[in-house]
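Q: Starting off with a structure, shown below.
Bear in mind that the values in this text are calculations on the coordinates, not laboratory data. What you see is a predicted model; the values in this text were computed from it and never measured. Cβ sites come from the backbone with ideal geometry, for glycine too, and all protein chains shown count toward neighbours.
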Amino acid sequence: MTTAFLFPGQGSQHPYMLRDLPAHPVITRTLAEASEELNESVAFWDAESELESTVAVQVCLLVSGVASARLLKEEKAFPDFVAGHSVGAFGAAVVAGALDFKDAVRLVRMRGEWMEKAFPKGYGMGVVLGLSEVQLKRLIDVHVTKANPVYLANINCPRQMTIAGAIPDLRRFMELALANGAQRTELLDVSVPSHCPLLHEVSLYLETELQRISFRDPDIPYASNRTARVLKTGEAIKKDLAWNVSHSVRWHEAICLLYELGTRLFVEMLPGNVLMGLVKNAFPTARALSISDNGMKTAAILVHRTRNN
């Protein structure tokens, strides 16, 4: 049996998430590395007022995810696979050994800045529960116009999807979804329309910037959230990080792939606990836990047990 480390994306943030990290030299060093790259203390980026910024949210998620994975490694708890949801893919690439952490900090900062610049206000994402991908796509094809586009952004599990677009268009579409069998809809705490063609230009900027950075082939297999395939070269991961921001996250397929490859323990890095629930929903026989709910020690013990079985 194998273990996968999962890195959460936007929506998992909470105030003081970095200051809530365990007191440990590995955590201190990780925060110091990020602060050096940012030329200011990242520890203050997790204040409630700061997390209104997409830039701060994404950088804090990267730092938190990498710090928690490094602490597990300090406990000799190693993953067999890594996967990241949305911006969590950058943390997965770092822990896989394909990308240097400082380069990731700089890239994620620019990614957030470009996203905010492209859509400073009036856009976001929503969740639709209870409809299948086919049903949701049919509603989009029949009812959505080019003048008021709504896009399928994330396929998180068979009946949990997210959509992206302008807030008024999202509200109208969510009402339509409820009228056509959806169980629940709500706007997410995301201020940009991620994972849809609206961010094509951001992907182009990222692609250009990524060409200036050296990537290595990963030491740990990296599962793409965009293609739901294991990527084994640094160049493939580089392309994935550039283009996942403007393509749908096929998270459920990525988790299915890891399960098919023998993964039976899924450990969600700080600060999230949503990905754990998605795994449990898809594969009740697998073990899924989050460090935020279960603690670092419990996670390390279970990783050791799984790898030794």
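Q: What does the convex hull of the alpha-carbon atoms of the range 123-187 project to on average, in nm²?
A: For the range 123-187, averaging the hull's shadow over all directions gives 3.6 nm².
Q: If each residue of separation counts as 0.36 nm, what is the full-extension length gain between ILE167 and ARG138 once their alpha-carbon separation is subtracted?
A: 8.4 nm
Q: Still on this structure, please answer the following. Any idea how far apart ASN180 and HIS24 come out in nm if each label point goes 7 Å out from Cα toward Cβ?
A: Placing both labels 7 Å beyond Cα along the Cβ direction yields 4.7 nm.
Q: Next up: Mind listing the long-range amide H neighbours of HIS247? Cut-off is under 5 Å, sequence gap 5 or more, other chains count too, H placed in the peptide plane at 1.01 Å from N.
A: Here HIS195, CYS196 satisfy the definition.
Q: Residue by residue through the range 161-171, what is 3J(HN,Hα) from phi via Karplus (6.51 cos²θ - 1.76 cosθ + 1.60, θ = phi - 60°)? Round to whole Hz and write x for glycine and proline.
A: 10, 10, 10, 9, x, 6, 4, x, 5, 5, 4
Q: Taking 7 Å along the Cα-to-C-beta vector as the label spot, tell me the ARG229-LEU38 distance in nanometres, rounded to one decimal.
A: Using points 7 Å along Cα→Cβ, the separation is 3.5 nm.
Q: So, one more: Charges only on Cβ, +1 for Lys and Arg, -1 for Asp and Glu: so what's the dipole of the chain about the Cα centre, in debye to the nearest 20?
A: That gives a dipole near 820 debye.
Q: Moving on to the next point. Which whole-Hz ³J(HN,Hα) couplings does the range 25-38 yield from phi under the Karplus relation 6.51 cos²θ - 1.76 cosθ + 1.60, θ = phi - 60°, glycine and proline marked x?
A: Going residue by residue, I get x, 5, 5, 4, 5, 5, 4, 5, 4, 5, 4, 5, 5, 7 Hz, with x marking Gly and Pro.
Q: Still on this structure, I have one more. Report the net charge of residues surrounding SER68, where surrounding means a beta-carbon distance below 12 angstrom and charges are Lys +1, Arg +1, Asp -1, Glu -1.
A: -2
Q: How high is the relative contact order of the chain, given as a whole-number percent (alpha carbon pairs under 8 Å, six or more residues apart)?
A: With pairs under 8 Å counted, the relative contact order is 24 percent.
Q: Beta carbons within 10 angstrom, averaged per residue: use that to sort the peptides 166-179, 89-102, highest first.
A: Result, highest mean Cβ count within 10 Å first: 89-102, 166-179.
Q: Looking only at the range 257-292, which residues have a backbone nitrogen under 19 Å from a spot 7 Å from the Cα of GLU75 in the C-beta direction?
A: 264-277, 287-292
Q: Within 10 Å, count the other beta carbons around each residue, average over each peptide in 205-216, 61-72, and list them highest first.
A: Result, highest mean Cβ count within 10 Å first: 61-72, 205-216.
Q: Starting from the Cα coordinates of the chain, work out the convex hull volume and express it per residue in Å³.
A: 118 Å³
Q: Continuing with this model, one more query. In sequence order, what are the phi-derived ³J(HN,Hα) couplings for the range 43-48 according to the Karplus relation 6.51 cos²θ - 1.76 cosθ + 1.60 with θ = phi - 60°, rounded to whole Hz, with x for glycine and proline?
A: So the Karplus estimates, Gly and Pro as x, are 4, 8, 6, 9, 5, 4 Hz.
Q: Between the range 130-168 and the range 272-309, what is the C-alpha centre distance in whole Å?
A: Cα centroid to Cα centroid, the span is 30 Å.
Q: Given a Förster distance of 25 Å, report the FRET efficiency between SER53 and VAL274 from their Cβ-Cβ distance, rounded to the nearest 0.05.
A: My answer for the efficiency is 0.75.
Q: Related question: First check a/c for the range 151-309, with a ≥ b ≥ c the square roots of the eigenvalues of its C-alpha gyration tensor; if it is under 1.5, answer rounded, and if not, answer prolate when a/b is larger than b/c or oblate otherwise.
A: Judged from the Cα gyration tensor, the range 151-309 comes out oblate (a/c at least 1.5, b/c at or above a/b).
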